[in-house]
Structures are given as C-alpha cells and as structure tokens.
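Q: Got a structure for you, written out below as structure tokens; questions coming shortly.
The values are calculated or read from the model by the stated rules, or taken from the named source; none is laboratory data. All values reported here derive from a predicted model rather than from experimental measurement. Glycine also receives a Cβ, built like all others from the backbone with ideal geometry; neighbour counts cover every protein chain displayed.
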Amino acid sequence: MNTSNRSKPARNIELSVLKIYGERNSGTNYLTRLIRRNLKIDLLPGVVKRKHLPVFDPDDLQALARQRNLPKQEIIADLYFQETFPDNLGWKHALVKSADCLKQYAICSNNLFFLTLTKNPYAWLLSLYRRPYHHLWRKKPDFETFLTSPWRTVGRENAPDEFSSPVELWSQKNASYLQLQQQFPTLNLRYEDVLADPKGAVEAIRNSTSCDWKHNAFTNIDRSTKNGEEDFTFYRKYYLKEQWQEKLSPRSIELINERLNDEILEAFQYEKLT
C-alpha cells in the first residue's frame, strides 16, 4: 500500500464520521462498499436518499428543468443537495468547497474525516467517455472531440457552469481534494492503490480514523458495482497492467497532455504518457 506524505492525515485525533469525495468512474462505489463491509464508521451520504427527499413544487421543478435544459431528476438531485448540504457536505462527485468555507458548517467538527479517491487521468477519461454520467449529448462525439469539448456541469457540482474540457474537470476536482489537507484530517487515495492492496487501503483508513473492524477477517468486494460481468480480478488486471493504454491514440494522448495540469499530476504521482 502506497503511504506517501500525500496520504497522511493532517493531525492524529479520534475520528468517527467519514466523508468521501471522488469523480464519476473513479471507484467511489467500490470503496464505499469496501468500507461498509469492513469498518465500524459512519459514512455521510454522497448520493440522493430517495426516502428523505423534500417535497418540491411540480411547477417549480418544471420551470427549472426548462430554464436549465436538464431532466427533472437532475433538478431534484441539485435541489436535494442544496437543501441537505449542511448535513452531508454535498454530492460525492462535487468540486469540494474551500476548507475555509467548510469550516463554517457545524458538521466539520473534530470527529469528521475526509477521504478522496483519484483515478489515473488517462484511464479516467476513457471511463468518462464510456459512461458520461450527468452529461447530455444529442449525439455522442468521437473520443478526440470529447477531449476538446466543454463539459457542462450540474448544480450540485459546486462548480462553474462548464469546464473547458473533461481534462480540466479532472484537474480542478482533484486539486480541490488536495486543499482539504490544509485544514482537515484527510486521506487522498488513488484508485490503482486500492486495487493493488484493498486490505491495505482499508487498514490505512482504520488507522487514520481509529475506528474498529466489523469482523475478524477482511473481506473484499468481488462483483462489479456497475452491474456488469466484470469482477475484481478483471479491474485489477485492466488498471494495474494499464491495458487501457491500448485504447489511446497518439493524437488523443497529445490532446490530453496539452490540457493536463502538471502540478496536480505530480501531486498524485502519475506519469505523463508520451
């Protein structure tokens, strides 16, 4: 398990509540299920809880849907996190608010711990292209056009109306994860490290938060969280052997490299492809 300085909590205190942030297609579902299966710790919600939805006026929803040109379910999700942010600190895929802003919320007390998850940007861009959650295309573009096109955000993303490209989306989101360490106990994990040593990742979380194991033995999540046929063995081989590189053309690598933030890339210890 990679335990470099970027993965150490800001201070060693007793912790019991966990907030997870990570971009779409970065393994947040897998990591969440891994934690729930193995650790006794409270997880703040990062997705809409349908059982606890506030009552919204249908006419207001329809008007907002037309105004923002989004489906009503997206508007409902935006409004849900707008209403509940003080209780859960927002959508798990959001651009994280500044540490100074978060300190204004009572929930950001000494028993709160932040956990972020980051995936290799090249692999992540391929995943986002395959599953562009919360982004609406009239017609799906080719991959190179996708890399150079603006990415329109949703309201719960706590971000500008759009990013100049999906590459900027990766850079900005992951930069927001790094700034948490300045004010809060934070563990910044890489998806590839979790796949390489899932038990070590869970142990790192346990050691940082001082929570207890649920069982005597660690248990992994073998089945895909995407309801596909792939399993843990498939994902581990695909990402750790970097088989996704076969899907990148020289031109697509060039387009990504032109837009990558080198400082963020280096902070998460990823190498730029050539």
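Q: Between a residue in the stretch 168-180 that is touching a residue at least 60 places away in the same chain (Cβ under 8 Å) and buried (at least 24 other Cβ atoms within 10 Å of the Cβ) and any residue that is part of a helix (DSSP H, G or I) and aromatic (Phe, Trp, Tyr), which pairs come within a Cβ distance under 7 Å, given they are 6 or more apart or on different chains?
A: Within 7 Å, the pairs are 170/124.
Q: Could you say whether any residue in the stretch 185-192 is buried (at least 21 other Cβ atoms within 10 Å of the Cβ), part of a helix (DSSP H, G or I), aliphatic (A, V, I, L, M) and at negative phi?
A: no
Q: A further question follows. Just to be sure I understand, how many residues within the stretch 168-191 are under 21 Å from residue 104 (Cβ atoms) and of a type outside the set (A, V, I, L, M, F, W, C)?
A: The total comes to 8.
Q: Would you be able to say whether some residue in the stretch 80-100 is loosely packed, with under 12 Cβ neighbours inside 10 Å and closer than 30 Å to residue 265 by Cα?
A: Yes: the stretch 80-100 contains one or more residues that are loosely packed, with under 12 Cβ neighbours inside 10 Å and closer than 30 Å to residue 265 by Cα.
Q: Among the residues in the stretch 18-28, are any at pLDDT 95 or above and over 19 Å from the mean Cα position of the chain (by Cα)? Spell out the reasoning first.
A: First pass over the stretch 18-28, keeping only residues at pLDDT 95 or above: 18-28.
Subset that is over 19 Å from the mean Cα position of the chain (by Cα): none.
There is no residue in the stretch 18-28 that is at pLDDT 95 or above and over 19 Å from the mean Cα position of the chain (by Cα).
Q: Please list, ordered by first then second residue, the pairs with beta carbon atoms under 6 Å, 6 or more apart or interchain, first in the stretch 84-98 and at pLDDT 95 or above, second of a type in the set (Phe, Trp, Tyr) and outside any loop (DSSP other than H, G, I, E, B).
A: Close Cβ pairs satisfying both conditions: 90/81; 91/81; 92/21; 96/21.
Q: Look through 265, 260, 255 and report the one residue that is surrounded by 14 or more Cβ atoms within 10 Å (Cβ to Cβ) and over 22 Å from the mean Cα position of the chain (by Cα). Don't jump to the end; show me each part of the working.
A: Values: 265 fails: over 22 Å from the mean Cα position of the chain (by Cα); 260 fails: over 22 Å from the mean Cα position of the chain (by Cα).
After ruling out the rest, the residue left standing is 255.
Q: Return yes or no: is residue 219 more than 21 Å from residue 143 (Cβ to Cβ), over 18 Å from the mean Cα position of the chain (by Cα) and of a type in the set (Val, Ile, Thr)? Even if it seems obvious, please write down each step before you answer.
A: Working: more than 21 Å from residue 143 (Cβ to Cβ): yes; over 18 Å from the mean Cα position of the chain (by Cα): yes; of a type in the set (Val, Ile, Thr): yes.
Taking the combined requirement at face value, the residue satisfies it.
Q: How about the stretch 128-155: which of its residues are part of a helix (DSSP H, G or I) and either surrounded by fewer than 14 Cβ atoms within 10 Å (Cβ to Cβ) or touching a residue at least 40 places away in the same chain (Cβ under 8 Å) (or both)? Give the derivation first.
A: From the stretch 128-155, those part of a helix (DSSP H, G or I) are 128-130, 143-148, 155; that's our starting set.
128, 130, 143, 144, 145, 147, 148, 155, listed by residue number.
Q: State whether the residues of the stretch 194-202 include one that is within 15 Å of the chain's Cα centre (by Cα) and closer than 18 Å to residue 18 by Cα.
A: Restricting attention to the stretch 194-202, the residues satisfying the condition of being within 15 Å of the chain's Cα centre (by Cα) are 194.
From what's left, closer than 18 Å to residue 18 by Cα: 194.
The answer is yes; a qualifying residue exists.
Q: Name, by its number, the condition in (1) surrounded by 14 or more Cβ atoms within 10 Å (Cβ to Cβ); (2) at pLDDT 95 or above; (3) touching a helix residue (DSSP H, G or I) at 6+ places or on another chain (Cβ under 7 Å) that does not hold for residue 219.
A: Single failed check for residue 219: (1).
Q: Does residue 122 count as more than 29 Å from residue 68 (Cα to Cα), modelled with pLDDT of 95 or more, in a helix (DSSP H, G or I) and among the hydroxyl-bearing types (Ser, Thr, Tyr)?
A: On the way: more than 29 Å from residue 68 (Cα to Cα): yes; modelled with pLDDT of 95 or more: yes; in a helix (DSSP H, G or I): yes; among the hydroxyl-bearing types (Ser, Thr, Tyr): yes.
It is true that residue 122 is more than 29 Å from residue 68 (Cα to Cα), modelled with pLDDT of 95 or more, in a helix (DSSP H, G or I) and among the hydroxyl-bearing types (Ser, Thr, Tyr).
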